[in-house]
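Every number in this text was worked out from the coordinates using simple rules, so none of it is lab data. Model, not experiment: these values are computed from the prediction. Quick reminder, even Gly has a Cβ in these numbers, built from the backbone with ideal geometry, and neighbours come from all protein chains shown.
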Amino acid sequence: MNQNLRTSTALALVLGLLSGPAFADMEAAKAFLDAEIGDLSTLSRADQEAEMQWFIDAAKPFAGMDIKVVSETITTHEYESQVLAPAFEKITGIKVTHDLIGEGDVVEKLQTQMQSGENIYDAYVNDSDLIGTHWRYQQVRNLTDWMAAEGKDVTNPGLDLGDYIGTQFTTAPDGKLYQLPDQQFANLYWFRYDWFTDPALMAEFKEKYGYDLGVPVNWSAYEDIAEFFTGRTIDGVEVFGSMDYGKKDPSLGWRYTDAWMSMAGMGDKGEPNGLPVDEWGIRVNEKSQPVGACVARGGAANSPAAVYAVEKAIEWLNKYSPPAAMGMTFSEAGPVPGQGNIAQQMFMYTTFVAPLVDSPAVMNADGTPKWRLAPSPHGVYWEEGMKVGYQDVGSWTLMKSTPEDRAKAAWLYAQFVGSKTVDVKKSHVGLTFARESTISHASFTERADKLGGLVEFYRSPDRVRWSPTGTNVPDYPKLAQLWWQNIGDAMSGAKSAQDALDSLCSDMEKVMERIERAGIQGDLGPVMNPERDPAEWLAEPGSPKPAIENEREEPKTVAYDALVASWK
């Protein structure tokens, strides 16, 4: 069974469908099911055909329509764009142009549509990180109400929202669903299991550091392991003990808002997000209104824990990562561990697991990986009960500025690419799960030993502890750009970490003050706290937290196999 996007089956299907006559009926659906899906579905063949018949019937009013949708460029969306969109056209008669662009560009296009009212795209796959934005601005269709009213005739009776694993992250405090999950991936610790279990390396590490080489539980252990591996030669290759990226680019901001700060211990306790201070350092009041980001207003974006987080990232990038890493972006750095010279990575977006399994340097001849995935270690300011990591939930979003007929046609496509008929196969290609039934499918039990712990993680009860950005962030597009610009100054050495974070929190507060003055978010918008002496806030319980004199705690590791056993 070959699940790769570049399978001859998938390509043959696309070529065959594109070259055939333009018709929308069950014959096209059956050809698609035969050539592309087979038994990789949670539905029986009869139920697959019934679901395809529903799409055919529901799409009739929109046959011949051309729609445009957009998503970031990852393997999952490449499969949707190159395989599923052409199949959808043949089955329904609706032509979909599924554009693939950078995530930052997706946010920019969405922001432009919000500000101008011009219908740029008929649907967006954008991260649930924008849930606070969508809830406050009310410029996207509230799917809960829309599916029950205007969108009822184009909502699949087999949609089964309860089967989606990310809807808790796309539901706002008002209890309404604003986005439909399409794919989901976590940030996990990645390491070379073959090296970590090598008896000679284990003995050498134990002799040098006094404790066992294993999965680091805290940053002190991560640092020791990075030092231990950096500069040594293994299998004729010079090894680096860590991997990261540092280019001043929109993706640099994700590096920190995607839970690096909360893993360091910057925010408050609370899952899925710290409350009242979240992983962006933004504090909210009891009405979920943002009240500040700087310590002087009760925020934590420039707190001692935030400074510690940025300084450690810069130190490790310079000491233990390949020299080119400082000039890399997210997409450039992601594949580097697959080259075979990286010992560990603090967190890897698991969207990069799909290309990893195609990298011979880190795979055994029998198709099992030389690496494993585990929970990321946490910093010295972290406390039990805090957020442990980030999970991206790329989700279908329908803007109110999109005309009704185009929104309905796009909604049909969004449901098709995540349907129970399609989702298991799509998940084998991209390894970004969205449905519980897919995770439980027997084909993933068979493939689990080839994926280094990914399946075990997604089947574990711990999975829900990894979460996206929450609702404390009132305007993701405006605030996100401030992160990479300011932290980029610290990365380049133009500013100290403290100065860069002082600028960051000040810039965030200026944006929130403008939103407050404009009143455009009504009772949900920011209401800024008056400034106080930062020492007063640091003396209070919770975040922002005062500086810890010794930021190196006792290092701690855990055996990987014991860790995985605990997931079961």
- Message: What value in Å³ per residue do you get for the convex hull of the alpha-carbon atoms in segment 389-482?
- Response: 144 Å³
- In the chain, what % of DSSP beta bridges are antiparallel (nearest 5)? 70 percent
- Message: On the principal axes of its Cα set, how long, how wide and how thick is segment 293-387? Give whole Å, largest value first.
- Response: 56, 32, 20
- Dipole of segment 375-461 [Lys/Arg +1, Asp/Glu -1 at C-beta], most positive-end residue of His378, Gly389, Ile439: Ile439
- Query: By per-residue mean of other Cβ atoms within 10 Å, what is the highest-first order of 61-67, 226-232?
  - Reply: 226-232, 61-67
- Note on the structure: Sorted by chain and then number, the residues having a modelled amide H within less than 5 Å of the amide H of Ser395, at least 5 places away or on another chain, are Asn126, Asp127, Ser128, Asp182
- Item | Of Lys30/Lys425; Lys152/Lys400; Lys400/Lys425; Lys312/Lys510; Lys68/Lys247; Lys312/Lys478, those spanning more than 23 Å from alpha-carbon to alpha-carbon | Lys400/Lys425; Lys312/Lys510; Lys68/Lys247; Lys312/Lys478
- Query: Quick one: Cα centre-to-centre distance for segment 302-354 and segment 251-269, in angstrom?
  - Reply: 14 Å
- Could you tell me which of Val558, Pro534, Leu524 has its Cα farthest along the dipole of segment 515-568 towards the positive end, charges placed at Cβ (Lys, Arg +1; Asp, Glu -1), taken about the Cα centre? Val558
- Query: Relative to the Cα centre, what is the charge dipole magnitude of segment 94-154, using +1 at the beta carbon of each Lys and Arg, -1 at the beta carbon of each Asp and Glu, and rounding to the nearest 20 debye?
  - Reply: 180 debye
- Where nothing but the Cβ of Lys and Arg (+1) and of Asp and Glu (-1) is charged, how large is the charge dipole of the chain around its Cα centre, in debye to the nearest 20? 420 debye
- Message: If every alpha-carbon in segment 374-419 counts as one equal scatterer, what log10 I(q)/I(0) does Debye give at q = 0.16, 0.20, 0.28 1/Å?
- Response: -0.61, -0.71, -1.08
- Label assignment, semi-axes √(5λ) of the Cα gyration tensor in Å derived from the structure, set (1) 47, 32, 20; (2) 73, 43, 21; (3) 39, 31, 19: (3)
- Once amide H atoms are placed 1.01 Å from N in the peptide plane, what residues at a sequence separation of 5 or more from Ile234, or on another chain, have their amide H within under 5 Å of its amide H? Val239
- Binned at 10 Å starting from 0, the alpha-carbon pair-distance distribution of segment 197-296 in whole percents comes out as 13, 30, 25, 20, 9, 2
- Integer Hz, Karplus 6.51/-1.76/1.60 couplings in order for segment 462-475, x for Gly and Pro: 5, 3, 5, 7, 8, 9, x, 4, x, 8, 5, 7, x, 8
- Item | Distance from segment 159-177 to segment 46-77 (C-alpha centre basis), Å | 21 Å
- Message: I'd like the Karplus ³J(HN,Hα) series for segment 179-186: coefficients 6.51, -1.76, 1.60, θ = phi - 60°, whole numbers in Hz, and an x wherever there's a Gly or Pro.
- Response: 9, 9, x, 10, 7, 8, 8, 9
- Task: Putting +1 on Lys and Arg Cβ atoms and -1 on Asp and Glu Cβ atoms, find which of Trp195, Gln183, Val217 reaches farthest to the positive end of the dipole of segment 89-223.
- Result: Gln183
- Query: Straight-line reach from Lys176: which aspartates and glutamates have a Cα under 14 Å away, not including same-chain ones fewer than 8 places off?
  - Reply: Asp145
- Between Met363 and residues 5 or more places away or on another chain, which pairs have amide H atoms under 5 Å apart, with H built 1.01 Å from N, and which residues are they? Lys370
- In sequence order, what are the phi-derived ³J(HN,Hα) couplings for segment 440-456 according to the Karplus relation 6.51 cos²θ - 1.76 cosθ + 1.60 with θ = phi - 60°, rounded to whole Hz, with x for glycine and proline? 7, 5, 4, 5, 7, 5, 5, 9, 3, 6, 8, 10, x, x, 4, 5, 4
